[in-house]
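Chemist: This structure is in structure tokens; I'll ask about it shortly.
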């Protein structure tokens, strides 16, 4: 018991002195991303989180880095629940699966439309799909193909979700 108390005290003292590898963030500067919409335009991958959060680049990594570099504040992916891939960017699913910025529980969708990230996030909160990045990764390890749910986008911000 004494060892446990001494270990806890040492960890607390280390944290107070700033020696632990934790990164502090100003909460007011966080830009939470609830959903990402991923597509291709003019040969570049486009990643949009709504509210002007957009990154572009030739690869997933470059687009995500560009998104971070072009905004004032810290992009916060801890609140991201959904990633929607347009059909023309479906090849980037594998890159997203390996991106440590996204939680394994993030749900993944495919769409032929051009949904707004915020509108889609509102719909998907009420009607979540069932395929996560972790599901895709597990299927890939077993050399199985994963069928993503399809998010259909209609006029006036109307959505529908279909299993394939």
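FYI, it's all coordinate maths here, none of it is from the lab. Not measured: the values here are computed from a predicted model. Note that each Cβ is placed from the backbone with ideal geometry, even for glycine, and that neighbours are counted across all protein chains shown.
Chemist: Give the percent of DSSP beta bridges with both residues in region 30-162 that are antiparallel, rounded to the nearest 5.
Modeler: The answer is about 55 percent antiparallel.
Chemist: While we're looking at this one, here's another question. Mind listing P(r) for region 30-162? All alpha-carbon pairs, 5 Å bins, whole percents.
Modeler: Reading the bins upward from 0: 2, 11, 22, 26, 21, 13, 4, 1, 0.
Chemist: Can you pull the one-decimal nm distance between simple spin-label points at residue 42 and residue 62, each 7 Å off the Cα toward Cβ?
Modeler: Taking the two extended label points, one gets 1.4 nm.
Chemist: Return 103, 86, 158, 34 ranked ascending by Cβ neighbour count within 10 Å, so the fewest neighbours appear first.
Modeler: Taking fewest neighbouring Cβ atoms as first place, the list is 158, 103, 34, 86.
Chemist: If R0 is 22 Å, what FRET efficiency do you get for residue 147 and residue 91 from their C-beta distance, rounded to 0.05?
Modeler: Computed FRET efficiency for residue 147 and residue 91 comes out at 0.90.
Chemist: If you don't mind, there's one more thing I want to ask. Restricting the count to DSSP beta bridges whose residues both fall in region 31-83, what percent are antiparallel, rounded to a multiple of 5?
Modeler: DSSP beta bridges in region 31-83 are roughly 70 percent antiparallel.
Chemist: Sorted by mean Cβ packing within 10 Å, highest first, what order do the peptides 112-121, 132-141 take?
Modeler: Numbers: 112-121: 18.0, 132-141: 15.7.
In descending order of packing, they fall as 112-121, 132-141.
Chemist: I would also like to ask the following. Considering Cα pairs under 8 angstrom that are at least six residues apart, work out the relative contact order of region 30-162 and quote it in whole percent.
Modeler: Once normalised by length, the contact order is 22 percent.
Chemist: Follow-up question, since we're still on this one. Neighbouring Cβ atoms within 10 Å as the yardstick, rank 48, 79, 155 fewest first.
Modeler: Ordered from fewest to most neighbouring Cβ atoms within 10 Å, 48, 79, 155 come out as 155, 79, 48.
Chemist: Run the simple label-point estimate for residue 139 and residue 155 please: 7 Å along Cα→C-beta, distance reported in nm.
Modeler: Distance between the two pseudo-spin positions: 3.3 nm.
Chemist: When a footprinting reagent is the concern and you count Cβ atoms within 10 Å, what order do 85, 159 take, fewest first?
Modeler: On the way: 85 22, 159 18.
Least to most surrounded, the residues fall as 159, 85.
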